[in-house]
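Worksheet: the structure to be examined is printed underneath.
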Amino acid sequence: AVFAAYYFLKIPLISMTTTEKRQVLPTNVRPTHYNLTLLPDLKEFTFNGTEVINLNINENTKVIILHANDVKVKSAKIVSLNLKTSYSHEAVDISHDEQKQTATLTFPHDLPAGSTAALHLVFAGYLNDKMVGFYRSSYKDELNQTKYMATTQFEATEARRAFPCWDEPAIKATFDITLVVPSDLVALSNMNVISERQLPNDKKEVKFATTPIMSTYLVAFIVGDLAYVEKSTTGAQNGGKPVLVRVYATKGQENNGLFALNVAADVLEYFAGVFGIPYPLPKCDMVAIPDFEAGAMENWGLITYRTAAILFNPKDSDAKFKQRIAYTVSHELAHQWFGNLVTMDWWDHLWLNEGFATWVGYLAVVKVFPEWDYWTQFVTDGLQRGLQLDALRSSHPIEVPVNDPSEIHQIFDAISYYKGASVIRMLSNYLGEDVFLAGVRRYLKRHEYGNASTGDLWKALAEESGIDVEEFMSVWTRVVGYPVLNVTESDPNTLCISQSRFLSSGIVGSDEDTTVWWVPLGIDLGSNVQSDVRNAVLSKKEEILKLPHRADDFYQINARKTGVFRVNYPPERLAKLGQAVKKNLLETSDRVGLVADAGALALSGHGKTSGMLSLIKEFEDEEKYIVWMEINSRMADLLTAWFEQPEHVYQGLHAFRRHLVSKLVRKLGWEYSDSDDFLTTMLRTLVIRTAGKSGDPDVVNEALRRFKLFTSGDESAFHPNIRGAVYEIVLTYGGEEEFDFILDAYKNAKTADQKIVTLNALGLVQQENLIQKFLHFAISDEVKNQDIIYAFAGLQANRKSRRQLWNFVKQNWELIHERYSRSLVLFGNVIKYSIDLFASEEDIRDIENFFKDKDTKEFARPLKQSLENIRVNAAWLSRDKEDVENWLKNNGY
Ligand code: BES
Ligand code: ZN
């Protein structure tokens, strides 16, 4: 890391030679157009396909290599498209390389360089149930019959499972897609239908319009018994051209798509304006898929979603899911420009797609739902997630070399999404949002229908702003980590600020602390002091900062928490900020940030956990939901690491927690009213859950009372918003009867969000035999593979089942591996949720020992990160065990 101290010297991407290790296809030929026909068989779960691919022949060659994975090329023929050099050759050899995921076609004669040719392929594959490639998804229809649909998930490298292709993001082409399907089903693809023709045997042939030039990972097609709701955008921002938006779901579910539909129509219009380019397709379909690995996927013109990320039932759904849906829709619509129209060159620039879509997704939600205070929510659920992962030695730079499919999928993580979005937010705040967005428009226009990399974005932003953006941003995207600012005061107006890398495992060694970040300080001096110091940037290792005279001596750093760093104040200053909280002098986002930094610094040992607890104590009168989210998550981290501490300590922490929310829970009560604002609704749910799980007797009794009514048939005994909280409380204090009832409730859940909430709550079951029963249930066919993570997350959070869960995973490894490992992103989470929350060196040894003789390539990153999290927790615990015990004693808990 020698270069890092001189960040202005343009930091190279680790090493330029790493591109040589990329698993990419030879450049001898390149496709320009695919004419693709697929015939899925929803009874046999197979498909047949034919393809005519137009190629540019760049070099004289007999051999064509293209991607194919689990699809078998049965015949290949190449036909000249040049009139002068006409030829037609059957391949003399077709071979498949499973490991490289390629097919190699060998022809008898050279194809001449400079010519164009059409490659005719016939192939066949299997509609798998692993949620990747071209796959089947099952559901119960309105008559409770099991039905199947076929759908696709191609990002990052799975298009090659559906049809042989050049499956790299920079190899763009146009597509003509034809589907041959049962006459009574709906067939969808990226583009609109241009013709439909009846065929014998109750089949029809559906042809779609030619796509714009695009990457393979964004191609999609779906066949199923679907119904829709629809709405047109106004078109006002879209060059006057309305776009037809539809939400599709399995028949009978479509009306639950109305909320997402309305959001989408607003956001699509908004983005056309923000990005300055009309949405280029004639329609935008969004489809709820019963089995879906990720949350949603931005296929151009045919966006796919997990059902819980798009369907909302105003009567039966939990309000929390509204936010998730609105954000998911916004995020995926953002990709229609950022990702689909302009695509990253290669996956090491994945953050351009995901970090940007995350940032602009928040921007759109703020626009459509200003009352949600969504940027402040970003500080707790976005910024903190990025900072948390990036505080590990096993983190990675935002721009990271990735060479093969197993490496690529592992960077769909909090760095690409949340550190990426946080860095963009910091930059946008520095340049001004208007200038920033103008730069984005310039970037999109320049690269539309093409590919770009991080440097291209910086270049456009520099042109727009007149500032050399790359000079100070490369350190943020090319170097791992971020700084903590250590502040000392020689007098209240003279600050000495130094920066060093922040690691959750504590103080860094000098050889890992050579980076100098560019840090816009965000100095806040209170509202009536004007001073240039507000714009100060720290660009050295250490600097003295003079503040102007202020009557009250108030200041804080990183106002509104737009910067990507932590601040370590002197203890007296932290105490003063605590008083400012009490006097309600800080903005919501600053209160969130204060708690977050105190929590992170306690974990790392920069501060004491007693200091964090004392600060949190100042929040007794706090009434903002978003601040409570942060307090709750820091207290949960503490309880997690302390899970095997003596009972009086563990219960003392719960008593403190109970005390914190006791006023609010009484004030807010149990009834939800339509006139409540959204954040009050969310706050009520949060405090009931927290008070109940921490053992507030009134809340526990009320939960038990209402549950009793519920079990005797009173569906209105509690609001859907607190279904999860009530289940969790009841399971924490109940036994087999409650467990069985809630298990049944899971099986009969009416909405997708109810299923998730219930499955997650079931993880709180306390009795060993019931935990065992639930573990077996969780990996049975009763739970969709996509939902295993909710069960595991619940079981892991529960201190009674945390060890049982990991033992179960070890004992059933083969089965679990077979069941989930082909869904690469999902499987990384399965591993993480099995081990992430332990807090001892023995556990680390046990886990390492278990994986010693196993191939961990596909989940190496999450495994390493989990192990480091455990190490961090273990160190925290041994450092502050007594500190916490003393604090509890001294404060009467
Ligand atoms: N492009 C991703 C989908 C994806 C994720 C594909 C992982 C392959 C691997 C999509 O835009 C996305 O980011 N989805 C998120 C939800 C979103 C609201 C943050 C997801 O699936 O978690
Ligand atoms: Zn995304």
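The values are calculated or read from the model by the stated rules, or taken from the named source; none is laboratory data. Here the structure is a predicted model, which is why all the values come from computation and not from measurement. All Cβ positions, glycine included, derive from the backbone under ideal geometry; neighbour counts span all protein chains shown.
Numerical summary
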{"quantity": "Long-range neighbours under 7 Å by Cβ, at least six apart or interchain, first residue farther than 14 Å from Arg324 by Cβ within region 284-310, second of a type in the set (Gly, Ala, Ser) and within 9 Å of ligand 1 (Cβ to nearest atom)", "calculated": "Glu298/Gly339; Ile303/Ala296; Thr304/Ala296"}
{"quantity": "The lone exception for Met629 - which of (1) assigned to a helix (DSSP H, G or I); (2) within 26 Å of Asn886 (Cβ to Cβ) it fails", "calculated": "(2)"}
{"quantity": "Filter result (within 19 Å of Phe827 (Cβ to Cβ) and in contact with a Pro (Cβ under 8 Å, 6 or more places away or on another chain)) within region 130-149", "calculated": "Ser137"}
{"quantity": "Among (1) assigned to a loop (DSSP other than H, G, I, E, B); (2) touching a residue at least 40 places away in the same chain (Cβ under 8 Å); (3) within 17 Å of Met426 (Cα to Cα), the one test that Trp476 misses", "calculated": "(1)"}
{"quantity": "Verdict on Val63 being at pLDDT 95 or above, in a strand (DSSP E or B) and more than 30 Å from Val193 (Cβ to Cβ)", "calculated": "yes"}
{"quantity": "Residue match in region 426-441 (condition: within 24 Å of Leu603 (Cβ to Cβ) and within 16 Å of ligand 2 (Cβ to nearest atom))", "calculated": "no"}
{"quantity": "Every residue from region 53-80 that is among the hydrophobic types (A, V, I, L, M, F, W, C) and either buried (at least 16 other Cβ atoms within 10 Å of the Cβ) or over 17 Å from His120 (Cβ atoms) (or both)", "calculated": "Ile53, Leu55, Ile57, Ile64, Ile65, Leu66, Ala68, Val71, Val73, Ala76, Ile78"}
{"quantity": "Phe619 vs. criteria in contact (Cβ under 8 Å) with a residue 60 or more places away in the chain, out of contact with any Gly (no Cβ under 8 Å at 6 or more places or on another chain) and not in a helix (DSSP H, G or I)", "calculated": "no"}
{"quantity": "Single unsatisfied condition, Ala236 versus (1) assigned to a loop (DSSP other than H, G, I, E, B); (2) buried (at least 16 other Cβ atoms within 10 Å of the Cβ)", "calculated": "(2)"}
{"quantity": "Residue satisfying all of: in region 299-343; over 16 Å from Tyr248 (Cβ atoms) and near ligand 1 (Cβ under 9 Å from one of its atoms); surrounded by the most Cβ atoms within 10 Å (Cβ to Cβ) among these", "calculated": "Ser330"}
{"quantity": "Every residue from region 293-343 that is assigned to a helix (DSSP H, G or I) and either among the polar types (S, T, N, Q) or within 13 Å of ligand 2 (Cβ to nearest atom) (or both)", "calculated": "Thr307, Ala309, Gln323, Tyr327, Thr328, Val329, Ser330, His331, Glu332, Leu333, Ala334, His335"}
{"quantity": "Tabulated pairs, region 664-677, first touching a residue at least 40 places away in the same chain (Cβ under 8 Å), second among the acidic types (Asp, Glu), C-beta under 8 angstrom, 6+ apart or interchain", "calculated": "Leu664/Glu623; Trp670/Glu702; Asp677/Glu371"}
{"quantity": "Residue in region 239-258 that is over 19 Å from Pro314 (Cβ atoms) and without any contact (Cβ under 8 Å) to a residue 24 or more places away in the chain present", "calculated": "yes"}
{"quantity": "The lone exception for Gly361 - which of (1) touching a residue at least 40 places away in the same chain (Cβ under 8 Å); (2) crowded, with 22+ Cβ neighbours inside 10 Å; (3) part of a helix (DSSP H, G or I); (4) within 15 Å of ligand 1 (Cβ to nearest atom) it fails", "calculated": "(1)"}
{"quantity": "Region 350-363, subset within 22 Å of Gln410 (Cβ to Cβ) and in contact with a strand residue (DSSP E or B) (Cβ under 8 Å, 6 or more places away or on another chain), residue nearest to ligand 2 (Cβ to nearest atom)", "calculated": "Ala357"}
{"quantity": "Any hit, region 799-807, residues being at pLDDT below 95, surrounded by fewer than 20 Cβ atoms within 10 Å (Cβ to Cβ) and farther than 29 Å from Lys322 by Cα", "calculated": "no"}
{"quantity": "Any hit, region 573-581, residues being under 19 Å from Ser633 (Cα atoms), assigned to a loop (DSSP other than H, G, I, E, B) and not hydroxyl-bearing (Ser, Thr, Tyr)", "calculated": "no"}
{"quantity": "Qualifying residues in region 364-373 (those that are within 10 Å of Tyr327 (Cα to Cα) and free of Cβ contacts under 8 Å to residues at least 60 places away in the same chain) - the one nearest to ligand 2 (Cβ to nearest atom)", "calculated": "Val365"}
{"quantity": "Only listed residue being of a type in the set (A, V, I, L, M, F, W, C) and crowded, with 22+ Cβ neighbours inside 10 Å, chosen from Ala636, Ala598", "calculated": "Ala598"}
{"quantity": "Tally, over region 166-216, of residues that are part of a strand (DSSP E or B) and β-branched (Val, Ile, Thr)", "calculated": "9"}
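The rows are residues; the columns are (1) in contact (Cβ under 8 Å) with a residue 60 or more places away in the chain; (2) part of a helix (DSSP H, G or I).
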residue: Glu489; (1), (2): yes, no
residue: Ser498; (1), (2): no, no
residue: Ser505; (1), (2): yes, no
residue: Val508; (1), (2): no, no
residue: Val516; (1), (2): yes, no
residue: Gly526; (1), (2): no, no
residue: Gln530; (1), (2): no, no
residue: Val533; (1), (2): no, yes
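Residue by residue, here is whether (1) surrounded by fewer than 16 Cβ atoms within 10 Å (Cβ to Cβ); (2) within 30 Å of Asp781 (Cβ to Cβ); (3) among the basic types (Lys, Arg); (4) at pLDDT below 95 holds:
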residue: Ala703; (1), (2), (3), (4): no, no, no, no
residue: Arg706; (1), (2), (3), (4): no, no, yes, no
residue: Asp714; (1), (2), (3), (4): yes, no, no, no
residue: His719; (1), (2), (3), (4): no, no, no, no
residue: Gly724; (1), (2), (3), (4): no, yes, no, no
residue: Leu731; (1), (2), (3), (4): no, yes, no, no
residue: Glu738; (1), (2), (3), (4): no, yes, no, no
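Each row is one residue, and each column tells you yes or no for (1) out of contact with any strand residue (DSSP E or B) (no Cβ under 7 Å at 6 or more places or on another chain); (2) free of Cβ contacts under 8 Å to residues at least 24 places away in the same chain; (3) of a type in the set (Gly, Ala, Ser).
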{"residue": "Pro169", "(1), (2), (3)": "no, no, no"}
{"residue": "Thr178", "(1), (2), (3)": "no, no, no"}
{"residue": "Ser183", "(1), (2), (3)": "no, yes, yes"}
{"residue": "Val186", "(1), (2), (3)": "no, no, no"}
{"residue": "Ile194", "(1), (2), (3)": "no, yes, no"}
{"residue": "Asn201", "(1), (2), (3)": "yes, yes, no"}
{"residue": "Lys204", "(1), (2), (3)": "no, no, no"}
{"residue": "Ile213", "(1), (2), (3)": "no, no, no"}
